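Before any comments, here is the structure.
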Amino acid sequence: MRFIVENEVIIIFLIGSINYCNPIDKDFLYLYLVKKIVYIALAMLMSGTLNAQYNWDIGGKIGASNYLGEFGGEEETRKDFISDMKLSQTRWTLGAFGRYRFNPYVALNIGLSYIRIQGADSLSTNRGRVGRNLHFKNDMFELTARAEGYFYSTNDLGGKGRYRTDMRMFAFFGIGGLYHNPKAKLGSTWYALRPLKTEGVSYNKLTMVIPAGLGINITFRRKHRIGLEMGWRTTFTDYLDDASTSYIDPSELEGPIAIALANRYDEAYHRDPDAIPHAANYEPGEKRGDPTHNDSYLTTVFTYSYVIRGRSNFYRQKYGWLTNRRRRGRRSRAKF
């Protein structure tokens, strides 16, 4: 456990230092942090494996994902939390996880997820965003290690006295690594935006995320566990959608595709010239994104997992009487 605590301290210190690094150092720092997360996850899982198997459950998850960033929104420039979210841009997420319960109140969850998010200015009611006319989709892979704290539980859901169905509610908080690669469509082809440097910036495909949220799970017959989770991901990048700062001069872009995808005002103008601001709002140096707020995303997932039971102390205390096995007494010869 000392190894785990020391590495968690290192991760927290390095995350606080990211914003003060130059772009090259950030790339190395992100890679180093992802490796640290993997090491900690493996160490904690191995530690749990050596103790007992009853507290393990392994399963999968599937659900919906929503993006929160520069695209979408209403008339105002920006709103906090979910106010700018477009439900029509809801996409999907799926993944697998393993969970180990250290005690009735705390568990560790290690998960790997595939998540798609997307957004489009054409869906906004903000005229400035409609004129910007950008859009994106991003297929992401997320690896997280999170702690789950159980704040409500019952071992006999329904009060039937059979103790075959239990329910637990929990909050979770953790750390993770995210691989992302935003793309935009030109004609009938989707192009990766990062290599095009549409804002003259070469950002990293790897970034850190902080998952937090709430969940509930119900266990049937002590081995089948279903659940519902709602989670928010705070990220350390503003380029999940490839928009963050300002327009740059087209002469600084590499090739016609980069030029076409960096500024799409002309497409919006030809579609509806009376519905958008003047072209001067989209010239080099003008605002293209909002660098004061990083991008984030939400997930809502249903989970199923299978509980692996052994003979831990927790098992014997809570469910030992359900095994229906008679204790064998010590045999001895009668003495006369």
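The values are calculated or read from the model by the stated rules, or taken from the named source; none is laboratory data. This is a predicted model, so every value here is computed, not measured. Cβ atoms come from the backbone with ideal geometry, glycine included; neighbour counts cover every protein chain shown. Accessible surface areas use protein heavy atoms only, side chains included; no ligands, DNA or RNA. Shrake-Rupley method; radii C 1.70, N 1.55, O 1.52, S 1.80 Å.
Assorted remarks:
- Loop-located trypsin sites (Lys or Arg not before Pro) across region 257-297 with a Cβ neighbour count of 15 or fewer within 10 Å are lacking, with loop assigned by DSSP.
- Accessible solvent surface per residue of region 195-282, calculated while the other protein chains remain in place, 1.4 angstrom probe, Å²: 47 Å²
- Looking at region 213-258, the GluC sites (Glu not before Pro) that sit in a DSSP loop and have at most 16 other Cβ atoms within 10 Å of their own Cβ are E254.
- Coil-residue trypsin sites (Lys or Arg not before Pro) of region 166-254, DSSP, other Cβ within 10 Å capped at 14: R221, K223
- Ligands, DNA and RNA left out, the 1.4 Å accessible surface of region 123-195 is 55% carbon and sulfur atoms.
- Additional length obtainable on full extension of the chain from T292 to T234, 0.36 nm per residue less Cα span: 19.5 nm
- Accessible heavy-atom area order of V130, V209, highest first, probe of 1.4 Å: V130, V209
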